[in-house]
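The values are calculated or read from the model by the stated rules, or taken from the named source; none is laboratory data. On a predicted model such as this, the values are computed, not experimentally measured, just so you know. Please note: Cβ atoms are built from the backbone with ideal geometry, for glycine as well, and neighbour counts cover all protein chains shown.
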Amino acid sequence: MQNDKNFANSAILTSWRMIFAKALSANSRFTNFPAMQLRFIQAEADYRAAMRRIDELISLDPREGTKQIDELDAISSMIASYEDIHYPID
C-alpha cells in the first residue's frame, strides 16, 4: 500500500512539474521567478503556507505588471492544481 502511495505522490509531483513548466513557457511574465520564493505544493502544510502567502499578497493590493501580481498568479495556479487533486468537486 505504501508503494502505491509513493507512486501516486510521484505522479502528482511529475504532473505539477509539467503544469508549472507549461505555465512558464506559455507566459513570458513569469521570467521574474528567481526573485520569488516559489515551492511546489506537495503536502497540506505547503498548501496552508501558500494560502497564507496569497493573503499577504492580496493585502498589498498588487498592480498589474508587478512581481507581486506575477507571484499571486503563479501561486494561485499551483493552489488550484493542488485543490483539483486533493479536494475534487464531484
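Overview of values
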{"item": "Hits in region 59-74 (condition: among the basic types (Lys, Arg) and in a loop (DSSP other than H, G, I, E, B))", "result": "Arg63"}
{"item": "Pairs with Cβ under 7 Å, 6+ apart, first in region 78-90 and without any contact (Cβ under 8 Å) to a residue 60 or more places away in the chain, second loosely packed, with under 12 Cβ neighbours inside 10 Å", "result": "none"}
{"item": "Region 63-87, residues that are of a type in the set (Phe, Trp, Tyr) and surrounded by 15 or more Cβ atoms within 10 Å (Cβ to Cβ)", "result": "Tyr82"}
{"item": "Which listed residue is surrounded by 10 or more Cβ atoms within 10 Å (Cβ to Cβ), touching a Ser or Thr at 6+ places or on another chain (Cβ under 6 Å) and at pLDDT below 90, from Ile19, Ile12", "result": "Ile19"}
